[in-house]
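The values are calculated or read from the model by the stated rules, or taken from the named source; none is laboratory data. Keep in mind that what you see is a predicted model, and the values were worked out from it rather than measured. In this analysis, Cβ positions are derived from the backbone assuming ideal geometry, glycine residues included, and neighbour counts consider all displayed protein chains. When the accessible area is computed, the model is the full protein with side chains, heavy atoms only, and any ligands, DNA or RNA have been set aside. Shrake-Rupley method; radii C 1.70, N 1.55, O 1.52, S 1.80 Å.
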Amino acid sequence: MTSSAPSSKRNRLWRRARTTLALCAAALCVAAYVSARRAAPRAVLIDNPDGTRSTLSVEQLKGLELLNPRTGRAEPFALTSEKTLVVFLSAGDCPTCLDERRVWEELARAADERRFRVVGLLVRSSPAEAETFVKAYAPSFTVLLDDRGEIARRTQLPQITPFKVLVNGRGEILMTDGPNNKPRAQEAFREKVAAQIGVARAAG
Amino acid sequence: MKHKLSLLFGCVVAICLVCAIRFAPVKRLAAVPKASAAPAPPDLYAPALERARDRSQDDGLAAALKIDSKVSLDGARIKNLNQLSVASNGDLYIVDYERKQAEAYDREGRYLGPLGEQGNKPGAQLWPTGAAAADGQTVAVADFAGHRVNTFTREGKFLSSFIYTPQGFSAQKVVYDGAGRSFYLLGNRWQRDEAGQVTGAQLVHKYAADGQFIDSYLPFPDSAKALDLYNYDSPAADADRSSLYVALPFDYTIYRLAPDGQLSVFVRGQEPAFRAPSEGINVEKIPPAESYRRIQNWRLGWTPISALVVSGDTLLVQYQSFNPLRYTIDFWSIEKRKKLRSVNTNCALLTKGQDGYLYLLENLEAKGQQRYDIIRAKL
């Protein structure tokens with residue numbers, strides 16, 4: 001008869017080890033899944049008014065050369081701050097852009113440029129119109145003009161303006177928002193962005 | 001036994017009572033008759049048009065103007081010919097309000113092409129409301145909703161654009177002054193008090209040819225505020241030798257805006273031919289299906305000025321009079337500031353072309369026609 005005492009003990013130890021390893025692996029999988037779900041997306045789907053859907057990602061905007069209507073020179077679009085509120089607007093048919101401008105100005109003043117910046121991207125506007133726009137409204141934040149329609153070509157966006165996207169330096173999209181022509185909705189948007197950029201309350 | 005019978009009798013009575021209560025016919029209250037909706041007012045406009053049509057033989061235009069020729073535009077495309085402008089070579093630029101499209105035709109009425117597509121980018125229009133022949137065979141189209149003016153070649157090639165967004169109005173018309181190289185956009189630039197309530201508006205806005213804003217003029221008359229005529233204040237205007245002559249539909253006061261920006265009253269028309277409105281109209285209280293008819297009925301109660309042109313020394317003012325022809329055109333001497341004569345006609349859309357001719361639409365109505373016949377005439 002074979003003595004089984006030492007092998008039984010080994011087997012028990014091995015079974016315990018296997019169980020422990022399995023539990024650890026499962027815990028790691030759960031943690032990874034939860035972590036992945038929490039991370040901000042790098043691309044978002046946008047529902048358009050015409051029923052279509054468009055995808056927006058920061059990758060699509062990389063390498064964009066845009067016109068600065070103040071200087072008349074081309075500038076590359078770049079995310080130089082920890083977080084950037086990118087606002088797509090147009091110079092002509094956008095009364096809501098003029099309504100919400102106040103909120104963007106307040107947010108732009110809320111934090112220093114290393115932490116947070118507002119960048120306006122003028123679409124569907126000519127250089128002359130962009131120049132009229134910046135002269136008339138003198139926005140304190142950077143405004144660049146997509147004079148060649150590159151943004152629309154790359155993203156099929158935006159179909160309506162203003163359209164806002166808050167991104168971080170890693171190219172993750174933290175939130176998006178469409179036009180808000182009611183003061184309450186504008187206030188809610190301001191508070192959401194203020195919370196994201198870590199200011200107690202954007203100066204109103 | 002007696003007790004049981006009494007009990008049975010009591011049950012039967014109780015059941016009968018319950019049935020009587022439960023199933024008794026309910027006396028219904030007499031139905032309250034619905035307040036009958038006010039009957040729609042009769043259509044006064046269509047009969048007025050018919051009477052005008054029946055009296056076409058009395059049209060006095062041929063006696064007042066030398067009719068040179070006619071050009072016809074195909075009605076298959078045009079639904080509502082609302083605005084007309086004519087270039088120095090006779091090209092016709094029209095705005096069709098129903099299709100929200102501006103387009104070009106040549107002197108013989110052949111279709112040249114669209115002036116801008118539908119859209120909100122430079123070179124496109126959301127709602128074109130005016131076209132004006134500009135310098136060098138170009139045409140400017142004003143966009144009411146897009147707040148921009150696009151300039152095209154006669155073939156529709158986009159040349160340039162400017163926005164008027166900062167001035168905060170929507171352009172109903174555009175006039176080009178070739179001598180002063182300026183655009184005039186006409187529309188309500190609202191003035192508001194601290195509470196945001198409308199207190200008035202400025203109606204004429206001048207821009208340089210490159211789109212630089214110059215100034216706004218012509219305050220909405222106080223007398224028309226009481227009737228709330230803001231929605232019916234689309235001015236009639238014409239530029240001549242760097243001055244702009246302008247009149248509001250409900251007021252026979254012709255203003256002159258001089259090149260230096262001075263606005264003055266040039267002439268005032270007299271009754272009884274011209275009648276100002278005595279009451280306003282609130283379309284919000286009118287069912288949408290009835291609004292067109294109600295507005296036309298209301299307009300029959302006064303004589304809206306629809307066009308104004310300056311040709312040489314003569315100022316022509318056209319207004320809807322239905323007396324019984326649809327329009328009356330007053331001829332004024334600019335030098336003497338006196339009315340020379342009046343003519344009744346069914347022709348509409350009095351326009352001065354850059355080619356020196358006067359143009360009028362011969363059709364009684366500017367919409368739904370198989371063919372739009374345009375008269376070319378001279379004083």
Study note, to complete from the structure: Being farther than 28 Å from B:A247 by Cβ, within 14 Å of chain A (Cβ to nearest Cβ), surrounded by fewer than 24 Cβ atoms within 10 Å (Cβ to Cβ) and modelled with pLDDT of 95 or more narrows B:E108, B:E117, B:E155 down to just B:E117
Practice item. Return yes or no: is B:L44 at pLDDT below 95 and closer than 30 Å to B:F331 by Cβ? Key: yes
Review point. Any residue at all in the stretch A:124-140 that is within 23 Å of A:E59 (Cβ to Cβ) and away from every other protein chain (no Cβ under 13 Å)?
Key: no
Study note, to complete from the structure: Across the stretch B:181-208, the tally of residues that are modelled with pLDDT under 95 and assigned to a loop (DSSP other than H, G, I, E, B) stands at 5
Point to revise | Count - residues of the stretch A:143-155 that are part of a strand (DSSP E or B) and either within 13 Å of another protein chain (Cβ to nearest Cβ) or open to solvent by 40 Å² or more (accessible area, probe 1.4 Å) (or both) | key: 1
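The rows are residues; the columns are (1) farther than 29 Å from B:D106 by Cβ; (2) in contact with a Cys (Cβ under 6 Å, 6 or more places away or on another chain); (3) not basic (K, R).
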{"site": "B:P249", "(1), (2), (3)": "yes, no, yes"}
{"site": "B:I254", "(1), (2), (3)": "yes, no, yes"}
{"site": "B:Q270", "(1), (2), (3)": "yes, no, yes"}
{"site": "B:A276", "(1), (2), (3)": "yes, no, yes"}
{"site": "B:K285", "(1), (2), (3)": "yes, no, no"}
{"site": "B:G301", "(1), (2), (3)": "yes, no, yes"}
{"site": "B:W332", "(1), (2), (3)": "yes, no, yes"}
{"site": "B:K336", "(1), (2), (3)": "yes, no, no"}
{"site": "B:T351", "(1), (2), (3)": "no, no, yes"}
**Study point:** Single condition B:V246 does not satisfy, out of (1) assigned to a loop (DSSP other than H, G, I, E, B); (2) touching a Phe, Trp or Tyr at 6+ places or on another chain (Cβ under 6 Å); (3) in contact (Cβ under 8 Å) with a residue 60 or more places away in the chain
**Key:** (1)
**Study point:** Check on A:S90, under 19 Å from A:L157 (Cβ atoms), surrounded by 22 or more Cβ atoms within 10 Å (Cβ to Cβ), touching a residue at least 12 places away in the same chain (Cβ under 8 Å) and of a type in the set (S, T, Y)
**Key:** yes
Exercise for review: Being crowded, with 16+ Cβ neighbours inside 10 Å, within 14 Å of chain B (Cβ to nearest Cβ) and under 15 Å from A:F141 (Cα atoms) narrows it down to one of A:L85, A:L79, A:L67, so name that one.
Suggested key: A:L67
Revision key, fill the gap. Of the residues in the stretch A:109-123, those that are assigned to a loop (DSSP other than H, G, I, E, B) and in contact with a strand residue (DSSP E or B) (Cβ under 8 Å, 6 or more places away or on another chain) number 2
